[in-house]
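Accompanying notes for the structure given below.
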Amino acid sequence: MESGDKTQGQCLYKEWMRLQEQELSELLHHSLNLNNSTDTNDAEITELLEKIIQNFQDYCDNQRRLAVRHVSAFFAASWCTSLENSMSWIAGCRPSSFFNLVYALCGSNIDSRLSHFLQDGDSDFPKLSASQLSAIDKLQRRTTIEEEMLTAQMASLQQDIADMPLALIARELSPRHELNLDVKNGLEKFEEAMRSAMDDADKLRTNTAKELLTILKPVEALEYIIAAKKLRLCIQSWGIERDREHGGD
């Protein structure tokens, strides 16, 4: 990726993380107002959550636009911390992780200390109903299958890079390892497949989030998104500190 493209990618990421902070502040303010009121405006909560989902869709669209020039940069983003990159799955988060957070918040399967941390000990995320748990389980199973298919697709792509014809081309190259036309053509096909996988992964992330929020009641969805924003910002902060400890910038 050229320096100008890297700058655009870094700016997009920084703007996105600033938006996470702004959205979290707005969500917490809304949650506080609900706690201080006897009335629950489900329509207002739904409108707020729809705006947040649309912001995520816009972010994916902007990434896709930049990835046309150099998709590889989004699979190991230089603007992210080492921790963030180590947790990345096809240029983003794993959709299956959405369900772990739900179970953490309702106290199932995950250490209760994580639930307490994410909620600051104040939120009262309710126990989910049997019908909700059933719907979440079905969505999780379907999401996991699609996620595993994409993971296998990426593994196949990575294996292909060492197969013909690139392997034979590399064997015949001079010690300077120049990027000739044959190599460029081979890499362009590889990157085209990466862009397709990234598009599919973004669709899976977005669709899973949308479906999950429709299963939750508006107030539950609000608390869920608050916890998700907190966790995302914490991962960035922890990653920065860890990179500093290990001599990073």
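The values are calculated or read from the model by the stated rules, or taken from the named source; none is laboratory data. Fair warning: this is a prediction, and the values are worked out from it, not measured in the lab. A quick note on method: Cβ atoms are made from the backbone with ideal geometry, for glycine too, and the neighbour counts reach across all protein chains shown.
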key: Cβ-Cβ under 8 Å pairs, at least 6 apart or on other chains, segment 45-67 side in a helix (DSSP H, G or I), far side at pLDDT below 95 and among the β-branched types (Val, Ile, Thr)   = Ile45/Val219
ask   = So which residues in segment 213-224 are in a helix (DSSP H, G or I) and either out of contact with any helix residue (DSSP H, G or I) (no Cβ under 6 Å at 6 or more places or on another chain) or surrounded by fewer than 16 Cβ atoms within 10 Å (Cβ to Cβ) (or both), if there are any at all?
value = Thr214, Val219, Glu220, Glu223, Tyr224
note = Those residues of segment 41-89 which are among the acidic types (Asp, Glu) and over 30 Å from His246 (Cα atoms) amount to Asp42, Glu44, Glu47, Glu50, Asp58, Asp61
message = As an exercise: evaluate Glu178 against (1) modelled with pLDDT under 95; (2) surrounded by 11 or more Cβ atoms within 10 Å (Cβ to Cβ); (3) more than 30 Å from Leu24 (Cα to Cα); (4) acidic (Asp, Glu) and give the number of the one condition it does not meet.
response = (2)
task = Working only within segment 155-175, note down all residues that are among the hydrophobic types (A, V, I, L, M, F, W, C), surrounded by 11 or more Cβ atoms within 10 Å (Cβ to Cβ) and modelled with pLDDT of 75 or more.
result = Leu157
request  = Take segment 90-115 and flag every residue that is among the hydroxyl-bearing types (Ser, Thr, Tyr), at pLDDT below 85 and under 18 Å from Ser129 (Cα atoms).
outcome  = Ser108
message = Looking at Lys127 and the list (1) at pLDDT 75 or above; (2) farther than 27 Å from Gln57 by Cα; (3) out of contact with any Ser or Thr (no Cβ under 9 Å at 6 or more places or on another chain), which single condition is not satisfied?
response = (3)
